[in-house]
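Student: Structure incoming, see below.
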Amino acid sequence: MSDSFQIEEVVLRVVKLPLKEPFTTSLWTTPHKTPILVEMRGQGISGWGEGAVPLFPFYNHETPQTVLHILRDFALPLFFKEKPKTPPELAQLLKRIQRNGFARAALEMAYWDWTAKAQGKPLYQLLGGARQEIPVGVSVGIQKDTATLLKKVGEFREQGYQRIKIKIAPGKDLEPVKALLTEFPGLPLMVDANSAYTLKSAAIFREMNQYPLLMIEQPLHETDIYEHSLLQKELSNPICLDESIESLREAEAAIALRSCKIINIKPGRVAGLTESVAIHDYCQRHDIPVWCGGMLESGIGRATNMALATLPNFRYPGDISESSRYYHEDIVEPDITLRPGGTLQLPSSPGIGFEVNMKRIEGLKQLEERFRP
Ligand code: OSB
Ligand code: MG
């Protein structure tokens, strides 16, 4: 790592990126994404990070406006005042800001990319990743009917995705699971409820237990770490926590309480790559497998997730699909593309390893602000 602070400018940009089709979860529908892109400039190098925050405060408390507010008014002033020399130092500094993981992560990830490029190394190597190919799956939103779902899943299977995740909601849970496992026996299948159930309505998961699922992701509310331990006791299907894990502390509590058997790590949700690696390492020591979730990121955030998912305890396919699964045109070059066996190949070039398409960003840009020390 370098021994002095070398960042000369940070540029925030918001782009409006249309999704190929709206994405529906138990609690919201997303027509497009508005990632907050952070470009960190210094020594002729640009490092990139993505605030992959959803449009609405229905996943967690954050929105694009809160991410901008936290970055402009708190994170960037701290960054330029304290001049942290390394990404972990920046992560530590940003812990003064409570929660607001997507905002803190956007800046921290840009510093990781910048640092990797300054050292001429791929980001995944800097993070301690040990492989250049990662297995991936696909997350399928709630569809208008079961026939549409079966058709979609059939197409994704043909493309090679190694596992299928479907979004579920009360009343739209048992039937799609049954239909999928009947149509595709042995399908590596998991469900994600995005916290739509309570302990009372979660009785449905006892019924679902007759179907072997890879895991049930975030059935209960994000603060229900204790309640998840009660539910997990009754199920052989493993529970995986997403929203509940905002930092290493919640991971420690969930593992101690046996609230889950698997953890989904999203660098955005947990405030960056430093915390992601800390959760990964802690889970590895406690024999809890992790996998890398997604937030319908643009190529910038997905390339960052790819680097993280090369660490050894990422033991399930990630929600890191190819560019064309989400977007007609991505903002990185080349497109992120799926290999026939359902894997993604890590590039060998420095940092996140993909070029940012500035022309395309200019075309999609809704806001641009520049900050200097
Ligand atoms: O809960 O994992 C989730 C997308 C937006 C918000 C929350 C979630 C998701 C996904 C899609 O499941 C993952 C992806 O392909 O990026
Ligand atoms: Mg989830």
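Student: Kindly evaluate T86 against the criterion of being hydroxyl-bearing (S, T, Y), within 14 Å of I7 (Cα to Cα) and open to solvent by 10 Å² or more (accessible area, probe 1.4 Å).
Tutor: Yes, satisfied.
Student: If you don't mind, another one. Has the range 262-277 got any residue that is near ligand 1 (Cβ under 10 Å from one of its atoms), open to solvent by 20 Å² or more (accessible area, probe 1.4 Å) and either under 25 Å from P31 (Cα atoms) or in a strand (DSSP E or B) (or both)?
Tutor: Within the range 262-277 (the criterion being near ligand 1 (Cβ under 10 Å from one of its atoms), open to solvent by 20 Å² or more (accessible area, probe 1.4 Å) and either under 25 Å from P31 (Cα atoms) or in a strand (DSSP E or B) (or both)), the answer is no, since none of the residues qualifies.
Student: Could you tell me which numbered condition E39 fails, if it satisfies all but one of (1) part of a loop (DSSP other than H, G, I, E, B); (2) closer than 23 Å to G101 by Cβ; (3) more than 16 Å from ligand 2 (Cβ to nearest atom); (4) acidic (D, E)?
Tutor: All conditions pass for E39, except number (1).
Student: May I pose another question? Here is a list of conditions, (1) within 16 Å of ligand 2 (Cβ to nearest atom); (2) open to solvent by less than 40 Å² (accessible area, probe 1.4 Å); (3) out of contact with any Gly (no Cβ under 8 Å at 6 or more places or on another chain); (4) closer than 17 Å to P289 by Cα, and I255 meets all of them except one; can you say which number that is?
Tutor: Only one criterion is unmet by I255, namely (1).
Student: What helices (runs of 4 or more DSSP H) lie completely within the range 96-204 and have 1 or more residues being more than 30 Å from T274 (Cα to Cα)?
Tutor: Where helices (runs of 4 or more DSSP H) fall fully within the range 96-204 and carry at least 1 residues being more than 30 Å from T274 (Cα to Cα), they are 146-159, 174-183.
Student: Still on this structure, please answer the following. When both residues are 6+ apart or on different chains and their Cβ atoms are under 6 Å apart, which pairs have a first residue that lies in the range 94-123 and is in contact (Cβ under 8 Å) with a residue 40 or more places away in the chain, and a second that is open to solvent by 30 Å² or more (accessible area, probe 1.4 Å) and of a type in the set (V, I, T)?
Tutor: W114/I45; K117/I45; A118/I45
Student: Further, regarding this structure: Looking only at the range 139-186, count every residue that is closer than 25 Å to H228 by Cβ, in contact (Cβ under 8 Å) with a residue 12 or more places away in the chain and either not assigned by TED's automatic domain parsing to the domain that holds K261 or not β-branched (V, I, T) (or both) and tell me the total.
Tutor: Selection size over the range 139-186: 15.
Student: In addition: Residues to consider are I216, I239, I225; find the one that is away from ligand 1 (no atom under 15 Å from the Cβ) and modelled with pLDDT of 95 or more.
Tutor: The unique qualifying residue is I225.
The values are calculated or read from the model by the stated rules, or taken from the named source; none is laboratory data. Please read these numbers as outputs of a predicted model, since none were measured by experiment. Note that we place each Cβ from the backbone using ideal geometry, even for glycine, and neighbour counts take in every protein chain shown. All accessible areas refer to the heavy atoms of the entire protein, side chains included, with ligands and DNA or RNA removed. Shrake-Rupley method; radii C 1.70, N 1.55, O 1.52, S 1.80 Å.
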